[in-house]
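Quick notes on the structure that follows.
The values are calculated or read from the model by the stated rules, or taken from the named source; none is laboratory data. These numbers were taken from a predicted model, which means no experiment stands behind them. Methodologically, a virtual Cβ is constructed for each residue, glycine included, from the backbone with ideal geometry; neighbour enumeration extends over all protein chains shown. Note: accessible area is taken over every heavy atom of the protein model, side chains too, but ligands, DNA and RNA are not part of it. Shrake-Rupley method; radii C 1.70, N 1.55, O 1.52, S 1.80 Å.
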Amino acid sequence: MTYIFTVSPDFSPEYLSGWFVFNTWLQKALDCRFHLELMEDFQRLHRAIAADKIDLIYANPYDAALLVREKGFTALAKPQGIADEVVIAVAANSMAMAVEDLPPGVRVASTDDPDVHLIGMILLEPAGLHKENVRLEIAGNYVLVAKKLLQGECEVGIFLARAFDELSRPVRSQLKVLVRSDIQVIHHALMAGPRLIDKIDALTSALVKLAQEPKGQALLAQLGFTGWGKVAPEEVEFMIDLMDTLAYSPAA
Amino acid sequence: MLADMNPAWVTGDFQEKVIKLYGLGVRRVLVVDEEVPYPDGRLIVSRTDLTGVITHVNRSFVEMSGYAEEELIGAPHSILRHPDMPKAAFRDLWDTIQRGQIWQGHVKNLRKDGRYYWVKATVIPNVRCGRIIGYTSVRRKPDRRKVEECKMLYAQMRAKEQLDCL
């Protein structure tokens, strides 16, 4: 049997080859076949999840809720030292010095990355901004979000903090950060579906030991982190509760 | 039982007030008329058991409350209760979450040093295997216009509660 492995479409393109290398390691570690199928966007990913096509996924926190509660997935491991934080930025020459300076009707550049967009909109709330009183422009990636700010197509942008920090220096120098989240507990996780239930212990053990393998650090560096840490089931439940509170909107 | 606030914790001029806490009796609190701004980008997170006793706090909770983590774990969540908050707000909160629903509202919290901070709070029941095992509360930076609305609303609600007590 060939298992289907996928990665949340919000990964940085610079780590693309790293995920293929990881897929090769995965097959050796578990002595079974995995096919890495990358989705172009979240709509495709969500269709694949709904159709029960995915067996293993490096999932963002927003999708983790659906995967655990509705699809019987188990969280195995999280990247060590990496939390999902968000940056709200404007063009460097913007008059806005704080989120509270942004007026209703402002044009917001964001992506279809669900957790980043959700947290970003929460960071805009102190200005009284919400989905009904902003003009939202969805870009394909964070470089294009930056481009919309620099070209004056939008006044404010929502970025995954890690993606913002990875923008080129000339681009970053033309942007101004209004706020950077410091939530600490929201992170991606590697999650296994029901068809992998008998391989969960072996896979978790192999993931946690990967950093100690001779070529482990080089492989992990290609994914942008230094190790996998084990995730307790309650830790994931807690993160899902947290995401549920953030997604709650009585007006919705 | 929740210990009274100690004048040694408080800096500056303060007013002493007595608040009645549901199931806990009365607590003497010391109130300083000074707001501490909500820190940008932070979420204040805590979890309680079914009776409202704190079981987990994050770093932002500790920093904004002014209490040490050891003082918070095991304490009732009403350790943060400010006397300007109407009882009806918390009654609504408990009624809502005990029904298994999410509660959201603006809350004025009392710090250990007597100062206060406003939050937009969301409280969610933690459901495991179909059973509520506790509650998670997440606070975020509020819109100041909402805070001003709540100041007026809560003052009216408290005035009515005081009249009802006569």
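General remarks:
- Search result, residues across segment B:130-145 that are at the interface with another protein chain (Cβ under 7 Å from one of its Cβ atoms) and within 15 Å of B:I102 (Cα to Cα): B:T136, B:V138
- Hits in segment B:36-71 (condition: at the interface with another protein chain (Cβ under 8 Å from one of its Cβ atoms) and at positive phi): B:G41
- Within segment A:42-64, restricting attention to residues that are open to solvent by 20 Å² or more (accessible area, probe 1.4 Å) and more than 23 Å from A:F225 (Cα to Cα), the residue that is modelled with the lowest pLDDT is A:Q43.
- Some residue of segment B:7-28 being aromatic (F, W, Y), open to solvent by less than 20 Å² (accessible area, probe 1.4 Å) and either more than 16 Å from B:H106 (Cα to Cα) or touching a residue at least 60 places away in the same chain (Cβ under 8 Å) (or both): no
- Looking only at residues of segment B:72-97 that are surrounded by fewer than 18 Cβ atoms within 10 Å (Cβ to Cβ) and within 19 Å of A:S249 (Cα to Cα), we find that the one that is nearest to the other protein chains (Cβ to nearest Cβ) is B:T96.
- Single condition B:Y67 does not satisfy, out of (1) within 16 Å of the chain's Cα centre (by Cα); (2) farther than 22 Å from A:D182 by Cα; (3) at pLDDT 95 or above; (4) outside any strand (DSSP E or B): (2)
Each row is one residue, and each column tells you yes or no for (1) within 12 Å of chain B (Cβ to nearest Cβ); (2) crowded, with 22+ Cβ neighbours inside 10 Å.
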site: A:L67; (1), (2): no, yes
site: A:F73; (1), (2): no, yes
site: A:L76; (1), (2): no, yes
site: A:P79; (1), (2): no, no
site: A:V86; (1), (2): yes, yes
site: A:A89; (1), (2): no, yes
site: A:A92; (1), (2): no, no
site: A:A96; (1), (2): no, no
site: A:V99; (1), (2): yes, no
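- Filter result (at pLDDT below 95 and within 24 Å of A:D241 (Cα to Cα)) within segment A:162-188: A:R162, A:D182, A:I183, A:Q184, A:V185, A:I186, A:H187, A:H188
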